[in-house]
Amino acid sequence: MFGRFLGRFFWNFYDYLGGNLLLGTVVTFAFFATLYAANRVLAIPCAAWIRVAFMALLGAAGLCILAAGGAGLGAFATRAARDEAARLAHFKAGISGLFWVYLKLLLLSLFVAAIVSANILFYGGLARTAASVAAKIGFVSVAMLFAWGGLALGVYSVAVFGAPARYGPEAGLRETLRRTVVLFFVTPGLWLLVTVFVGLLWALCALSIVGVVFVLPILATASSTALHLAAEQAQFLAQAREDLGPGHPVRVYRRRAAELTEAADARRPRRTLRELIRPWEA
C-alpha cells in the first residue's frame with residue numbers, strides 16, 4: 001500500500017509542480033510576513049497593552065493565513081488525487097468554501113496540542129519531585145501515555161488535513177472527523193508511514209531553507225493521496241465481502257481486496273520517466 005502511495009504522491013505532486021510552487025510560495029511569504037511584523041512590533045517601545053493587542057491581531061492573522069492556505073491547497077490537491085484537473089480557480093474555491101472548516105480544525109488542533117503538552121509537562125514535573133520510586137514510575141507512565149496519545153493524534157492529523165476538501169463544507173467538522181476515523185483504521189500502517197515520510201520531507205525542506213515553500217503543498221498532497229487510497233481500499237473490502245459473502249476470516253477479505261486493487265492498478269495508464277520532461281503542462 002505504501003508503495004502505491006509513493007507512486008501516486010510523486011505524480012500528483014510533480015504534475016502540478018508549478019502550481020504547488022506558486023501557491024506554496026504565496027502562503028509561506030504571507031505567513032512569514034506576519035512573523036516579521038510581530039518581530040518589528042516587539043522592537044517598538046510602547047505600552048504593554050498595545051503590544052499585546054498587536055501581537056494578538058498578528059497571531060489571528062497568521063492563523064487565518066494558515067487556514068486559508070490549507071483550505072485552498074487541500075482543494076487543489078484533492079483534485080489531483082482524484083485524477084482531475086487542478087487549477088487556480090479550485091484553490092480560490094477551496095478558500096471561499098472551506099476556510100471556516102479549516103480554521104476550526106486548526107484551532108481544535110492547537111487546543112488538543114496544548115492539552116497534551118500541558119499534561120506531559122505536569123506529570124513530568126511531578127515525577128521529578130516525587131519522593132518514592134513507585135510514584136516516579138507512575139507519573140512517568142502517565143506522562144508517556146499522554147506522549148503516545150499525542151503521537152497517535154499527530155498521525156491522525158495528517159489524515160484529517162485533506163478530509164474537509166474531500167467531503168466538502170456541507171459535511172461539517174464533526175462528520176468529517178468521523179469519516180476520517182473510519183478511513184484511518186482501514187489502513188493504520190499506511191498513515192504511520194505517510195507521517196514519517198512527510199516528516200522526512202519537511203526536514204529536507206527546513207535544511208534547504210528555500211524548500212519551506214513546499215511544506216503545505218507536501219502535506220496537502222500526501223494527505224489527499226493517502227485518503228483517496230484508503231477510500232479505495234475501503235471500497236474494495238466492501239466489494240470483497242459482497243463477492244465472498246459473510247462468515248469468512250478477515251484475511252480472506254483482505255486477500256480478495258488485494259486482487260481487486262491489482263486489477264484496478266492494471267487498468268490505470270502506466271506513467272513513464274519520459275513524462276518527467278514536461279512538469280509545467282498540467
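About its Cα centre, the chain has a charge dipole of approximately 200 debye under the convention of +1 per Lys or Arg Cβ and -1 per Asp or Glu Cβ, with nothing else charged.
May I ask for the percentage of alpha-carbon pairs in region 2-277 that lie more than 35 Å from each other? Cα-Cα pairs in region 2-277 separated by more than 35 Å: 29 percent. For the chain, leaving out every one of the GluC sites (Glu not before Pro) that falls in a DSSP loop and has at most 13 other Cβ atoms within 10 Å, the longest unbroken run is 85-280.
As a proxy for reagent exposure, ranking Y102, Y156 by other Cβ atoms within 10 Å from fewest up yields Y156, Y102. Taking the Cα centre of region 6-89 as reference, the dipole from Cβ charges on Lys and Arg (+1) and Asp and Glu (-1) amounts to some 160 debye.
With neighbour counts taken as other beta-carbon atoms within 10 Å, the residues I137, I44 rank, fewest first, as I44, I137. Ranking of T25, T187 by neighbouring Cβ atoms within 10 Å, starting from the fewest: T25, T187.
Taking the dipole about the Cα centre of the chain, with the C-beta of Lys and Arg at +1 and of Asp and Glu at -1, give me whichever of A30, I50, T225 is farthest to the positive side. Towards the positive end, the residue furthest out is I50.
Each value in this text was obtained by applying a stated rule to the coordinates, not by laboratory testing. Please read these numbers as outputs of a predicted model, since none were measured by experiment. Cβ sites come from the backbone with ideal geometry, for glycine too, and all protein chains shown count toward neighbours.
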